[in-house]
Amino acid sequence: MQQVEAVYQKRSWLKRWLFTTYHKDIGVLYFVTSLYFAFVAGLLAALMRVQLSAPGNTFLGPTEFNSAVTAHGLIMILWFLSPLGVAFANYIVPMQIGADDLAFPRLNALSYWLFLISGMMLVMSFFMPGGGFGGGWTTYAPLSTAQYSPGPGPSLAFMGFILLCVSITVGSVNFITTILWKRAPGMGFREIPMFTWFTFFTQVLMLMAFPSLLAALLLLMSDRLLGTQFFAASSGGALLWDNLFWFFGHPEVYVVLLPAFGAILEILPTFTGRPLAARTAILVAAGFLVVPLSVYVFAHHEFVTGIPLALREGFTITTFAISVPFDVMVLSMIHSLTGGRIKLKTPMLFAIAAVIIFIIGGITGVFLASFVLDINLRGTYFVVAHFHYVMAGATIFGLFAATYYWLPKMTNHMYSERLGKLHFITSFISFNVLYFPMFLLYEMPRRIYTYQASTGWGTLNYIASIGGFVFIASQVFFLVNLLIAVRGKIPTTPNPWHAITPEWVPGVFAPAGLLKSMPNGVGNGNAEIHSEGTAAHHQHLSQRPLALASGAALTLTGLALSSWNLGLPFLGIGNPFFFAGLALLAWAVIGWAHDDMIGKFKVPDEERGERWPSISFPKVKLGIWTFLASEVLVFGSILSSYLYVRAYSTAWPAPGSIHSITIGTINTVVLLSSSLTALLALRAARSGDRRGLLAWIGLTFALGSTFLAVKGFEWYDLIYNLGFTPHSGLPGTTYFFIVGLHGAHVFAGLMVMLYIIRKAFAGKITKENHQVVELFGLYWSFVDIVWIFIFPLFYLM
Ligand SMILES: [Cu+2]
């Protein structure tokens, strides 16, 4: 351990933090960055509480208030609560499973930079001419379309949102692969510590939920910039957005909550000195009920949209049902508290408070699950109180608990227990003073910027505002305590809590065999096992992730700004951003591939014993499969949206009247044959036949390019001879968007083929090392399969 960190210290401070790929550094970056975003969103909340503290207040105007509400919600959920959980996942999970890093360290850095930069884009959107977006965190379309929210501000905010989706997809591929693939020998599924399990559930949920949001945002930006009409009110666009958004939005609640639960489930047994009650039941409840059920409750956000009664009843039932696994978890938590000798240290206090706050929030949620009650309570401060208890409160208190719990591990020093308790008492009381009055304000509509004195809401609002300011002020104790631990004034032992999970074993990197001595993931905390650590790759810094993220952000910023002038994408002030971004992006991607080719950034994977269920899967293959799963969901969401708007349309052009069936069929044959040649290329690579590989991959490249060229001619013909454009109603909108998105995937495949050809020429693809050809084949088959769905939908139906 000392060796590795010593190598690390040699780097200059700036270089280390900009180019790091090390999971602990990235964990710290996530931690600090999410606290910064909490500060921004907390400031907005303070402004709102000042405004609402008295009736008829004029501190903020309606537009400012709407923007503040929107940004507060978005930043708190997506740039603070969720990434704070990711911070601990980064720092703690590899240690808990005995890995020296995540499966893909550079992708981990990429996730971080995309997260930071996307948040900056959202913040900057408020300073654009015309202001930011003020339509609420749900971004409801058509309110969010160019017609009702014009200007570069909203576009920039949504582009940031898109980058965040990318960051999260990259991150979940990384964490899922890491937890399945990099566990130390002896750590079977039963031995995985609770925090790692809950990180796994969170990441699976992210992989399920975010593609739907990404799809919705891509369609929205296409509407805003290209003038397509997915979310036009006339074609049911409002309900289309609702469905796509809440398919993401409800699971997002658990995405935010589950990491905090994972931490609480580590803390309770540690501070009671007895094992967790009903551990298996908790895992079954979370993994087999919460994760799959969470997407089948989404329409409870649509009870008043006019969906059929049967659907409303159905979603009431699923929403009641999802409270059952949480009952299991909470009962187990309460049971774990009984009978043990409870040590009320700061982490334990926060953990217990999180459970109490969750119970209050959960009970009030059951009221809202019933659509009969929801019709009256929706859109009121009762709902505001409910989700601030269940989502914000339980999560913040849970993650405060996590911070105090792991702080000695992260800083090698102790925080001040006295200050911690002071932080706890002031936070707990002020949190309840802030939010409990809102339950009683069940008649006050949410998101209003002011109210009349005659409503009688003044007193409760005044009390809530006082609570809010005290809550914010109490966080000073937290910051001071963080400083105390970081500056290292109070010494501690390697395992101050006598915890029994692997991250507390002295020596950072669990050597092979370590966890074998710890059956059920529980060894004795005083195990004197020291590890030298062989993490050679920690010496590697990489500037590619930062460059790639910045390039992507500049490109999207350019596109967002281009809508400023004339509504034409390639005119206007966005140009310099767009082209500079593309150049940087190209430099980063080519550089990344080059680093791989010369083996500059080689992650040595120690031979691991515990790879089930992926024993026969190489690491990258598992990552690609996980990534393709998210791609399936993106295309699935987009194709469902197509079917949805098509079902709403009364007229659709007959097959063959616009798109030529003959050309379409020929092109389909071209693309499908390229799958065959890709397979033959792989066969050649396997037998070490370099010339065969080059011939077949060259032919695949030619077929793929032909496919794209034919598409280009088709598009030219449609636009200039037939006058069929993206603006030609829904048939044009859907055709150009979906076929274009598929074309972009074909283009990406062509780029990978160029890389393979270059690598084969350099003689770096051998009989033993030809994985890239196999992975490309997987991707290419996926692209072909998507086309098999697209072709009949547009050409034959
Ligand atoms: Cu919900």
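Here are the numbers:
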quantity	calculated
Some residue of segment 121-143 being crowded, with 24+ Cβ neighbours inside 10 Å, within 30 Å of Ile282 (Cα to Cα) and not β-branched (Val, Ile, Thr)	no
Subset of segment 390-439 (residues that are polar (S, T, N, Q), farther than 18 Å from Ala45 by Cα and buried (at least 22 other Cβ atoms within 10 Å of the Cβ))	Thr403
Criterion violated by Gly656 - all others in (1) surrounded by fewer than 17 Cβ atoms within 10 Å (Cβ to Cβ); (2) part of a helix (DSSP H, G or I) satisfied	(2)
For Ala216: the one exception among (1) more than 15 Å from the ligand (Cβ to nearest atom); (2) open to solvent by 10 Å² or more (accessible area, probe 1.4 Å)	(2)
Count of segment 440-466 residues which are part of a helix (DSSP H, G or I) and surrounded by fewer than 19 Cβ atoms within 10 Å (Cβ to Cβ)	10
Leading residue by the ranking (surrounded by the most Cβ atoms within 10 Å (Cβ to Cβ)) among those in segment 247-284 that are of a type in the set (D, E, K, R) and farther than 19 Å from Val93 by Cβ	Glu252
Lone qualifier among Ser118, Ser111, Ser155 - being at pLDDT 95 or above, of a type in the set (Gly, Ala, Ser) and over 30 Å from Trp504 (Cβ atoms)	Ser118
Subset of segment 270-296 [without any contact (Cβ under 8 Å) to a residue 40 or more places away in the chain and within 16 Å of the ligand (Cβ to nearest atom)]	Leu289, Pro292, Leu293, Tyr296
Criterion violated by Phe37 - all others in (1) closer than 30 Å to Phe198 by Cα; (2) in contact with a helix residue (DSSP H, G or I) (Cβ under 8 Å, 6 or more places away or on another chain); (3) open to solvent by 10 Å² or more (accessible area, probe 1.4 Å) satisfied	(3)
Residue satisfying all of: in segment 12-34; of a type in the set (Val, Ile, Thr) and open to solvent by less than 40 Å² (accessible area, probe 1.4 Å); nearest to Ile75 (Cα to Cα) among these	Thr33
Members of segment 297-354 that are of a type in the set (Gly, Ala, Ser), within 28 Å of the chain's Cα centre (by Cα) and more than 15 Å from the ligand (Cβ to nearest atom)	Ala351, Ala353, Ala354
Residue tally, condition surrounded by fewer than 20 Cβ atoms within 10 Å (Cβ to Cβ) and either part of a helix (DSSP H, G or I) or of a type outside the set (Lys, Arg) (or both), over segment 370-382	8
Condition met for Ala232 (open to solvent by 10 Å² or more (accessible area, probe 1.4 Å), among the small types (Gly, Ala, Ser) and either under 30 Å from Trp652 (Cα atoms) or touching a residue at least 60 places away in the same chain (Cβ under 8 Å) (or both))	yes
First in segment 575-592 and open to solvent by 60 Å² or more (accessible area, probe 1.4 Å), second anywhere and assigned to a helix (DSSP H, G or I), Cβ under 6 Å, 6 or more apart	Phe577/Leu554; Phe577/Thr557; Phe577/Gly558; Leu582/Thr555
Count of segment 233-269 residues which are closer than 29 Å to Ala499 by Cβ and within 13 Å of the ligand (Cβ to nearest atom)	5
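The values are calculated or read from the model by the stated rules, or taken from the named source; none is laboratory data. From a predicted model like this one, the values you see are computed outputs, not experimental measurements. Cβ sites come from the backbone with ideal geometry, for glycine too, and all protein chains shown count toward neighbours. Keep in mind that these areas ignore ligands, DNA and RNA; they rest on the heavy atoms of the full protein, side chains included. Shrake-Rupley method; radii C 1.70, N 1.55, O 1.52, S 1.80 Å.
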